[in-house]
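Okay, so here's the structure we're looking at.
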Amino acid sequence: MPELLQFAFSGLTVGAVYALVALGFTLIYNASDVVNFAQGEFVMLGGMATVFLHLAGVPLPLAAALAILITVGVGLALYAFAIDPARGSSAVTIIIITIGASIFLRGVAQVIFDKRFHALPHWFGSEPIRLGGAAILPQSLVVLFGAGLIVALIFLVIDRTLLGRAILATAANRLAARLVGIPVRKIVALSFALSAAIGAVAGILVTPITLTSYDVGTLLALKGFAAAMLGGMGSAVGAVVGGLLLGLAESFGAGLISSKYKDAIAFLIILGVLFVRPQGLLGKKSVERV
């Protein structure tokens, strides 16, 4: 029983990060129909920028805030210089552009930073908390709380603000939103900024536990995409559910079967969803009228 509880704690912690990455995918996909495979690089930039700003003598809270702003700037630049000029192109073209952007950002990070792994100090110490015979790090609770807070804020903005209604209108029908005066291009740019900020926060929260380096974004993007597919691409609730389920599946798979297959679980989930339920657990079937 303690072992199963330990697997659950680990799975929920990493699943919260996957949920944030999947939420970033969902925000951009809803606003622009773009699947942004550079989403994992936002997580990497948040962690790496915070590490190097802190090493340069910047206090950790300020370093984290600056890292978020830098990542948001990168997200806006990605939209302005890569995605917006290619609007109207096929989905495959846009996906290739985001993959190219991911490779470019990874190369720039390698030059600006370095190739080593880095860590941030734990916010509330590294002494584990004992619960039911299992141990959980205080930083894991920070990750879970931070992820929950971000999800709650996103839903609050979407449900209770005029900006949220504009985002929903843009997601439903961009042409109709444009006709009623909604600045669609600004809304899409905002979705990239929010997605970058969420990714940066995820990187800052998880770096004290998992470490970070210039190339961690690729695998995180794939895991986040798998989580979004599992929950239902375009569903914010599905992104959260898919991320947590993927984290639990990886943790229990690594603990009960073998850690060698941990990273393969995400790919198996993608294949399983595509074969069995392409719209995901909470996604809706698309209907096209002809």
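Overall, the accessible surface of the chain at a probe of 1.4 angstrom is composed of carbon and sulfur to the extent of 70 percent.
Going by alpha carbons, how many degrees (0 to 90, nearest 10) lie between the helix axis of 138-160 and the longest principal axis of the chain? Approximately 20 degrees, to the nearest 10. Ranking of Glu3, Glu41 by solvent-accessible surface, largest first: Glu3, Glu41 (1.4 Å probe, protein heavy atoms only, all chains present). Based on Cα atoms of the chain, Rg over Rh with Rh as the Kirkwood radius reads 0.97. For the chain, the per residue solvent-accessible surface stands at 49 Å², with DNA, RNA and ligands left out and a 1.4 Å probe. In percent, rounded to a whole number, the relative contact order of the chain is 37, using alpha-carbon pairs under 8 Å and six or more apart.
Other residues with beta-carbon under 14 Å from the beta-carbon of Gly224 carry, at +1 per Lys or Arg and -1 per Asp or Glu, a net charge of -2.
The values are calculated or read from the model by the stated rules, or taken from the named source; none is laboratory data. In this text the structure is predicted, and so the values were computed from the model without any measurement. Cβ sites come from the backbone with ideal geometry, for glycine too, and all protein chains shown count toward neighbours. Please note that ligands, DNA and RNA were not included when accessible areas were found on the heavy atoms of the full protein model with its side chains. Shrake-Rupley method; radii C 1.70, N 1.55, O 1.52, S 1.80 Å.
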